Amino acid sequence: MSEVKARANVLLEEGDRIDGLKLGEAPLLLSRFLVRFPLAEDHVVGIAGDLVLKTGIPDSKIYYALDELAEKGLIEVQAGKPKTYRALPPRETEARLGRMLDAKHDRERKSVTRVGALLEPLRASAKSPATDLAFIVKGLPNVIARAQSMIGSARREIVVLASHEPFFRRLEPDLIKAGRRRVALRIAVPDIRVDKDLERFAEVRSIVCTCMILVVDAQQVLTVTRTAENEAYGITSTDETLVRLGIEYWESPRCCVGRG
C-alpha cells in the first residue's frame with residue numbers, strides 16, 4: 001500500500017472518531033474508496049452500480065452508505081439519471097466538518113446553560129429548605145430558560161405581566177402550549193398584537209406600569225429586572241407574600257387595564 005493510501009486510511013479512521021461524525025462500516029469503507037480512486041479531475045467518482053462492483057459493498061447497503069456520507073458533508077450528490085457522486089476536495093471537506101462541529105458545540109453549550117438554570121432551584125432548596133425562599137438567576141438566556149421551565153410546569157394558572165415586548169415574545173410560544181394544556185392564562189402586555197391562538201386561550205390586558213412578573217399556580221413567582229443580554233437578572237421565589245404581590249399587580253388598575 002502506498003504512503004498516500006496509508007495516510008488516507010489514518011485520516012479517515014481519525015475522522016470516524018470525531019464525536020457526532022461516527023460512520024457505519026459501509027460508509028467508512030466507501031469513503032476510503034472515494035478518496036483513493038477519483039475517476040476524474042473534478043472528483044466525480046461514479047454511480048451507485050459502479051461503486052457496488054468496485055467496493056464490494058452490497059447494493060442493499062450502498063444507497064444507505066451514500067446517503068450517510070452526503071448527510072455528513074463528505075460527498076456531493078449530482079442530479080441525473082443515474083445520479084453521480086463526488087468526493088469533495090480536502091479543504092472543502094474540512095470547512096464543512098468544521099461548520100458541523102461548531103454547530104454541534106453551540107447546541108451543546110446552550111443545553112448546558114439551560115440545564116444549569118433549571119438545576120439551580122434544586123441546589124438552593126437542598127441547601128436550606130427552611131430559609132432559602134428566593135434565588136437569583138443571572139443573564140438573559142438563564143432568565144428565559146427559568147421562565148420557560150416555570151411555564152412548562154404549570155398545571156392550573158399562569159399570570160404574566162411583561163412591559164418589555166421582546167421578553168414577552170420569547171415566552172409567547174410556551175404560553176400557547178400551556179393554553180393548549182388548558183392552563184388558565186392571564187396576560188398583561190403593551191398595546192401589541194398577540195398570537196391568535198394565545199388570544200383565544202388567554203385573558204389579555206394592557207399593561208400601564210413597568211414590570212416583568214411571572215406567577216405560576218399561585219405558588220412560584222419570577223420577577224425580572226433589566227433585559228440586556230449580560231445585565232438581566234431574575235429573582236424566583238415560593239414565598240407566599242411575594243406570590244400574592246405578583247397577583248395583586250395583575251388586579252391593580254394602576255398596572256393593568258382592560259382592552260377596549
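Quick notes on this structure:
- Subset of region 67-85 that is open to solvent by 40 Å² or more (accessible area, probe 1.4 Å) and assigned to a strand (DSSP E or B) - its residue that is farthest from Ile57 (Cα to Cα): Gln78
- Sole residue being surrounded by 15 or more Cβ atoms within 10 Å (Cβ to Cβ) and acidic (Asp, Glu), chosen from Asp239, Asp195: Asp195
- Hits in region 38-66 - residues which are assigned to a loop (DSSP other than H, G, I, E, B) and either over 26 Å from Ala95 (Cβ atoms) or modelled with pLDDT of 70 or more (or both): Ile47, Gly56, Ile57, Pro58
- Applying a threshold of 9 Å to beta carbon distances and a minimum spacing of six or more residues, or different chains, the list of pairs starting in region 235-257 at a residue that is touching a residue at least 12 places away in the same chain (Cβ under 8 Å) and farther than 18 Å from Ala162 by Cβ and ending at one that is assigned to a helix (DSSP H, G or I) and hydroxyl-bearing (Ser, Thr, Tyr) reads Thr238/Ser125.
- The test for being at pLDDT below 95, open to solvent by 70 Å² or more (accessible area, probe 1.4 Å), under 18 Å from Gly139 (Cα atoms) and out of contact with any Leu (no Cβ under 9 Å at 6 or more places or on another chain) does not hold for Pro253.
- Scanning region 94-133 for residues that are among the small types (Gly, Ala, Ser) and at pLDDT 75 or above returns Ala95, Gly98, Ala103.
- Subset of region 153-191 (residues that are open to solvent by less than 40 Å² (accessible area, probe 1.4 Å), more than 12 Å from Met212 (Cβ to Cβ) and assigned to a helix (DSSP H, G or I)): Glu172, Asp174, Leu175, Ile176, Ala178, Gly179
- Any hit, region 197-212, residues being within 25 Å of the chain's Cα centre (by Cα), in a loop (DSSP other than H, G, I, E, B) and either under 20 Å from Glu165 (Cβ atoms) or at pLDDT 90 or above (or both): no
- Filtering region 205-232 to residues that are surrounded by fewer than 17 Cβ atoms within 10 Å (Cβ to Cβ) and more than 20 Å from Asp191 (Cβ to Cβ) leaves Asp217, Ala218, Gln219, Thr225, Arg226, Ala228, Glu229, Asn230, Glu231.
- The one condition in (1) out of contact with any strand residue (DSSP E or B) (no Cβ under 7 Å at 6 or more places or on another chain); (2) of a type in the set (D, E, K, R); (3) under 10 Å from Val159 (Cα atoms) that Asp217 fails to fulfil: (1)
The values are calculated or read from the model by the stated rules, or taken from the named source; none is laboratory data. The structure presented is a predicted model; accordingly, all values stated were derived computationally and were not measured. In this analysis, Cβ positions are derived from the backbone assuming ideal geometry, glycine residues included, and neighbour counts consider all displayed protein chains. SASA here: full protein model, heavy atoms, side chains in, ligands and nucleic acids out. Shrake-Rupley method; radii C 1.70, N 1.55, O 1.52, S 1.80 Å.
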